[in-house]
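Notes to accompany the following structure.
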Amino acid sequence: MSPAGRRAAVLGAPIAHSLSPVLHRAAYREMGLTGWSYDRFEVDEDGIAPFLGEIAAGGDDWAGLSLTMPLKRAVIPLLDGIGDTAASVGAVNTVVFTADGRRLGENTDVPGMIAALRERGVESVPRAAVLGAGATASSALAALARVCTGEVTAYVRSRERAEEMRGWGERLGVAVATADWADAPRALTAPLVIATTPAGAADALAAAVPERPGTLFDVLYEPWPTPLAAAWAGRGGQVLGGLDLLVHQAALQVEMMTGRAPAPLAAMRAAGEAALAARTA
């Protein structure tokens with residue numbers, strides 16, 4: 001099919017805050033894909049099957065979907081297949097519609113996180129800490145399987161979450177220790193800290209940032225900077241934010257959905273930064 005007239009979108013609940021349309025549309029403009037569109041739709045777990053059914057009945061103009069919470073795991077039984085990375089973390093954030101009508105799922109969060117770290121010179125660390133235990137935390141462990149040579153400590157709020165993280169570590173080949181959230185200030189001494197918690201959950205840790213912090217990867221992008229990220233940067237530590245992750249994982253999605261590479265990373269980042277600045281203003 002011609003590149004003209006293809007559709008894509010991001011689905012989730014809530015979804016109004018998503019920057020994905022800004023990034024993907026910027027990529028389309030830079031790549032000259034004038035016939036492409038990218039929208040957002042509020043879709044929850046009960047709505048994902050009907051939404052995919054409507055796409056199947058509507059023809060072949062759809063190229064793909066980006067998925068956020070709570071759909072990354074709920075979509076898996078509805079797909080014709082998933083890639084190795086998605087299978088390794090049990091989460092799909094990308095669906096590509098093939099020419100023969102199949103729905104294939106993949107996870108670009110993991111390679112996106114690795115690419116963002118490498119862009120900042122973080123190739124290998126002897127140990128790391130993860131704050132939180134949700135779907136993004138499992139993706140963080142998968143990324144750390146490629147970056148961390150030693151133990152990863154996950155700071156969680158419950159015994160069930162601790163068991164989940166240790167289980168993910170076993171599946172991903174990462175040595176994972178767990179600790180109670182009350183001890184989370186200790187996490188900040190690790191050379192690499194990945195914060196995967198919701199907005200506000202790690203704010204109190206800002207007071208515990210050490211004198212010489214390493215690298216913090218806080219996956220939030222709004223509000224930004226978080227108190228933890230601001231305190232970290234104030235101490236001279238390197239900080240990566242949610243926009244770094246979003247841009248890199250979105251670039252991979254663009255390449256998968258359009259079949260063209262490389263995606264225009266700089267243009268996508270500039271568009272995301274401008275959108276966030278406008279929201280702050």
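The values are calculated or read from the model by the stated rules, or taken from the named source; none is laboratory data. Remember, it's a predicted structure, so these values are computed and weren't measured experimentally. Neighbour counts run over all protein chains shown; Cβ positions are idealised from the backbone, glycine included. Areas reflect the complete protein model, heavy atoms only, side chains present, ligands, DNA and RNA absent. Shrake-Rupley method; radii C 1.70, N 1.55, O 1.52, S 1.80 Å.
Put a dot 7 Å past the Cα of Ser158, heading toward its Cβ, do the same for Glu222, and the two dots end up 2.9 nm apart.
The loop-placed GluC sites (Glu not before Pro) in the stretch 106-167, going by DSSP, that have at most 13 neighbouring Cβ atoms within 10 Å of their Cβ come out as Glu123. If you take the Cα centroid of the stretch 64-99 and the Cα centroid of the stretch 243-275, the two points sit 19 Å apart.
Percent of Cα-Cα pairs per 10 Å bin, from 0 to the last occupied bin, for the stretch 96-166, please list those. Bin by bin from 0 Å, the calculated values are 19, 41, 25, 13, 3.
Given their separation in residues at 0.36 nm each and the Cα-Cα distance between them, Ala199 and Ala175 gain 5.9 nm when the chain is fully extended. Taking a Cβ cut-off of under 14 Å around Phe97, the surrounding Lys, Arg, Asp and Glu residues balance to a net charge of -2, with basic ones at +1 and acidic ones at -1.
What does the charge add up to near Gly134, with Lys and Arg as +1, Asp and Glu as -1, over the other residues with Cβ less than 12 Å from its Cβ? Don't jump to the answer; show the numbers that get you there.
Numbers: positive: Lys72, Arg73, Arg157, Arg161; negative: Asp109, Glu164.
Cβ neighbours under 12 Å give a net charge of +2.
Looking at the chain only, what percent of DSSP beta bridges run antiparallel? Nearest 5 please. Here the antiparallel bridges make up roughly 15 percent for the chain.
Using only Cα coordinates, the Kirkwood hydrodynamic radius of the stretch 175-246 works out to 12.2 Å. The label-point distance for Ala16 and Ala56, in a model that sets each label 7 Å from Cα toward Cβ, rounds to 3.2 nm.
Compared with the dominant Cα axis of the chain, that is its longest principal axis, helix 242-258 is turned about 30°. Restricting the calculation to Cα atoms, the stretch 1-58 yields a radius of gyration followed by a Dmax of 12.8, 36 Å.
Relative to the longest principal axis of the C-alpha atoms of the chain, give the angle of the C-alpha long axis of helix 135-147, reported between 0 and 90° and rounded to the nearest 10°. Roughly 70 degrees between the two axes. Across the stretch 150-157, rounded Karplus estimates of 3J(HN,Hα) from the backbone phi angles (6.51 cos²θ - 1.76 cosθ + 1.60, θ = phi - 60°) give x, 7, 10, 10, 9, 9, 10, 9 Hz, Gly and Pro being marked x. Once the Cα atoms are used to define both axes, helix 48-57 deviates from the longest principal axis of the chain by about 30 degrees.
Computed extension gain for Arg120 through Thr280, at 0.36 nm per residue and net of the alpha carbon distance, reaches 55.1 nm.
Write down the accessible area per residue of the chain in Å², having rolled a 1.4 Å probe over the full set of protein chains. Walk me through the numbers on the way to the answer.
Values: 12180 Å² over 281 residues.
So the chain comes to 43 Å² accessible per residue, rounded to a whole number.
Mean residue ellipticity at 222 nm, helices only, the chain: -12000 deg cm²/dmol; runs of at least 4 DSSP H residues each add -39,500 (n - 2.57), and the sum is divided by the number of residues. Semi-axes of the equivalent ellipsoid for the stretch 40-96, computed as √(5λ) from the eigenvalues of its C-alpha gyration tensor and ordered from largest down, come to 18, 13, 10 Å. Kirkwood analysis of the stretch 73-137, using all unique Cα-Cα pairs, places the hydrodynamic radius at 13.4 Å. For the stretch 161-273, the share of accessible area belonging to carbon and sulfur comes to 52 percent (1.4 Å probe, ligands and nucleic acids excluded). Scattering from the stretch 135-233 was approximated by placing one identical point on each alpha carbon and applying the Debye formula without solvent; log10 I(q)/I(0) at 0.11, 0.13, 0.19 1/Å stands at -0.30, -0.43, -0.93.
On the stretch 26-129, 49 percent of the accessible area sits on carbon and sulfur atoms, based on a 1.4 Å probe.
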